[in-house]
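For reference, the structure discussed in these notes is given below.
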Amino acid sequence: MIAEELINHMIPPLKITDDAHKAIVWMEEFRCMHLPVVDDGNLLGFISEEIILESNDIVRPLSSFELVGKDCVVQLGSHFYDILKVANDHHLQIVAVLNEEQKYEGVITVQDIMISFAQTAAVQMPGGIIVISLDLIDYSLAEISRYVEENNAKIISSSIIEDPLDKGKIKLTLKINQVELNRIIATLERFGYRIIGRYNEIKRDTSEKDKIDMLLRFLDI
């Protein structure tokens, strides 16, 4: 998934001539904590309810506010991992998308990304999850994949996070296309991998739909 495919066309940009009251109304209507302010196709930044309330003046034009997140932007071809990183770096739940001319194209919310991710094959396909702790220097997905495939299984997806409690170590999360993980885990442990978590999806019928429904309720969509 790239930015161009994730743009939320339901969220319009505000103009610098709009006032704070309009911004507040739109934030409530579109359930956004921030909204983009655009002038002549250029992103000036984002306005938030907090910024407006601090001014204690809802009739002020947006041109008079100090906006945030001017650099919270991605390009049309940016991958959704990069979008999430930009949102996290700027502590915002919304990211602006610019075209090759650096003109405003629209916004993507973190909620949009989560919903799209929940619909991917990596989430929808049944399987089990294994979490491995290892030194970053020892990480080789090719080697781990070989051990998994020796047990007639495939890695559907993988993700890595740094271990905050142990510098130099990572936590590798693998989704496997099998719910029975005992043989795979035994093989990995035999070759020195430390398994710190395992999660099996036993039933497929309604569990995935329930998970998506729970996610949507959590995001209040």
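Suppose the filter is within 24 Å of Tyr81 (Cα to Cα), without any contact (Cβ under 8 Å) to a residue 40 or more places away in the chain and exposed (fewer than 14 other Cβ atoms within 10 Å of the Cβ); does Met10 pass it? Yes.
Any residue in the range 76-98 that is of a type in the set (S, T, N, Q) and over 14 Å from the mean Cα position of the chain (by Cα)?
No, there is no match, as no residue in the range 76-98 is of a type in the set (S, T, N, Q) and over 14 Å from the mean Cα position of the chain (by Cα).
Determine whether the range 183-197 contains at least one residue that is at pLDDT 95 or above, hydroxyl-bearing (Ser, Thr, Tyr), in the same structural domain as Ile137 (by TED's automatic domain parsing) and not in a loop (DSSP other than H, G, I, E, B). Looking through the range 183-197, at least one residue is at pLDDT 95 or above, hydroxyl-bearing (Ser, Thr, Tyr), in the same structural domain as Ile137 (by TED's automatic domain parsing) and not in a loop (DSSP other than H, G, I, E, B). Of the residues making up the range 71-100, those that are touching a residue at least 40 places away in the same chain (Cβ under 8 Å) and either at positive phi or in a loop (DSSP other than H, G, I, E, B) (or both) are Leu76, Gly77, Ser78, Leu92, Gln93.
Just one of the numbered conditions (1) modelled with pLDDT under 95; (2) farther than 30 Å from Glu29 by Cα; (3) not in a loop (DSSP other than H, G, I, E, B) is not true of Met214: (2). Across the range 5-26, the number of residues qualifying as more than 21 Å from the chain's Cα centre (by Cα), in a helix (DSSP H, G or I) and among the aliphatic types (A, V, I, L, M) comes to 4. Against the condition in a helix (DSSP H, G or I), free of Cβ contacts under 8 Å to residues at least 24 places away in the same chain and surrounded by 15 or more Cβ atoms within 10 Å (Cβ to Cβ), how does Ser158 come out, does it pass? Spelling it out, it is not the case that Ser158 is in a helix (DSSP H, G or I), free of Cβ contacts under 8 Å to residues at least 24 places away in the same chain and surrounded by 15 or more Cβ atoms within 10 Å (Cβ to Cβ). Residues in the range 40-67 that are under 20 Å from Ile113 (Cβ atoms) and free of Cβ contacts under 8 Å to residues at least 40 places away in the same chain: Ser48 alone.
If you take the residues in the range 92-143 that are closer than 14 Å to Met1 by Cβ and modelled with pLDDT of 90 or more, which one is surrounded by the fewest Cβ atoms within 10 Å (Cβ to Cβ)? Applying the filter and picking the extreme gives Val110. Go through the range 36-59 and give me each residue that's at pLDDT 95 or above and in contact with a helix residue (DSSP H, G or I) (Cβ under 6 Å, 6 or more places away or on another chain). Within the range 36-59, Val37, Ile47 meet the criteria. Considering only residues of the range 58-87 that are hydrophobic (A, V, I, L, M, F, W, C) and more than 25 Å from Ile161 (Cα to Cα), which is surrounded by the fewest Cβ atoms within 10 Å (Cβ to Cβ)? Among them, the one singled out is Val59. Only a single criterion out of (1) assigned to a helix (DSSP H, G or I); (2) in contact with a strand residue (DSSP E or B) (Cβ under 6 Å, 6 or more places away or on another chain) is not satisfied by Val59, namely (1).
The values are calculated or read from the model by the stated rules, or taken from the named source; none is laboratory data. Small disclaimer: the values here were computed from a predicted structure and weren't measured. Here the Cβ is made from the backbone with ideal geometry for all residues, glycine too, and neighbour counts use every protein chain on show.
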